[in-house]
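Peer 1: Sending over a structure as structure tokens; questions will come in a sec.
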Amino acid sequence: QVQLVESGGGLVQPGGSLRLSCAASGRSFSLYDMGWYRQAPGNQRELVATVSSGGSTSYADSVKGRFTIARDNAKNTVFLQMNSLKPEDTAVYFCNSRRYTAWAVDNYWGRGTQVTVSS
């Protein structure tokens, strides 16, 4: 079992930066693929960025070049550095952890942290 707790959200002006953190508790953090998703009111949850257990990263086109995902396996933490923030980045950001095994897929979600980009 894995528990995820996001932090670092808040209010920021357009063009500003925020750094989100996701702290994971549980076994074998380094074996999980980690990701950040976001959901704005009235919209579906969308993928923002992922970092695999092997360290490879991917980004949604809307954030590519502005956001950076990273993980610190020693601290059981994944980060999302968000630069050049835009009002359309406003959403609740969720941390996700998943692991594929021969018999099942383990999939966990945090409760989210609010990011508001407004002048």
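Peer 1: I need the full set of residues from segment 1-56 which are basic (Lys, Arg) and modelled with pLDDT under 95, in order please.
Peer 2: Arg27
Peer 1: How many residues are surrounded by fewer than 16 Cβ atoms within 10 Å (Cβ to Cβ), modelled with pLDDT under 95 and over 19 Å from Gln39 (Cα atoms) if we restrict to segment 75-110?
Peer 2: 7
Peer 1: Would you check which residues across segment 76-91 are outside any loop (DSSP other than H, G, I, E, B) and either free of Cβ contacts under 8 Å to residues at least 24 places away in the same chain or touching a strand residue (DSSP E or B) at 6+ places or on another chain (Cβ under 6 Å) (or both) and list them?
Peer 2: Once the filter is applied, which keeps residues that are outside any loop (DSSP other than H, G, I, E, B) and either free of Cβ contacts under 8 Å to residues at least 24 places away in the same chain or touching a strand residue (DSSP E or B) at 6+ places or on another chain (Cβ under 6 Å) (or both), segment 76-91 yields Thr77, Val78, Phe79, Leu80, Gln81, Met82, Pro87, Asp89, Ala91.
Peer 1: Might you let me know whether segment 26-34 holds any residue that is surrounded by 12 or more Cβ atoms within 10 Å (Cβ to Cβ) and in contact with a Leu (Cβ under 8 Å, 6 or more places away or on another chain)?
Peer 2: no
Peer 1: Among the numbered criteria (1) under 11 Å from the mean Cα position of the chain (by Cα); (2) under 24 Å from Ser119 (Cβ atoms), which single criterion is violated by Ala91?
Peer 2: (1)
Peer 1: Criterion first (free of Cβ contacts under 8 Å to residues at least 24 places away in the same chain and in contact with a strand residue (DSSP E or B) (Cβ under 6 Å, 6 or more places away or on another chain)) does Ser58 satisfy it?
Peer 2: Answer is yes for this residue.
Peer 1: Which residue is farthest from Ser97 (Cα to Cα), if the candidates are limited to segment 42-74 and must be open to solvent by less than 70 Å² (accessible area, probe 1.4 Å) and of a type in the set (D, E, K, R)?
Peer 2: The extreme case among them is Arg66.
Peer 1: Give me the pairs, please: first residue somewhere in segment 92-119 and under 30 Å from Leu11 (Cβ atoms), second residue anywhere and open to solvent by less than 60 Å² (accessible area, probe 1.4 Å) and among the basic types (Lys, Arg), beta-carbon distance under 6 Å, and either six or more positions apart or on two chains.
Peer 2: Tyr93/Arg38
The values are calculated or read from the model by the stated rules, or taken from the named source; none is laboratory data. No experiment lies behind these values; they were computed from the predicted model shown. Heads up, the Cβs are rebuilt from the backbone with ideal geometry, glycines too, and the neighbour counts pull from every protein chain shown. Ligands, DNA and RNA are stripped out before the accessible areas are found, and what is left, the full protein with its side chains, is counted by its heavy atoms. Shrake-Rupley method; radii C 1.70, N 1.55, O 1.52, S 1.80 Å.
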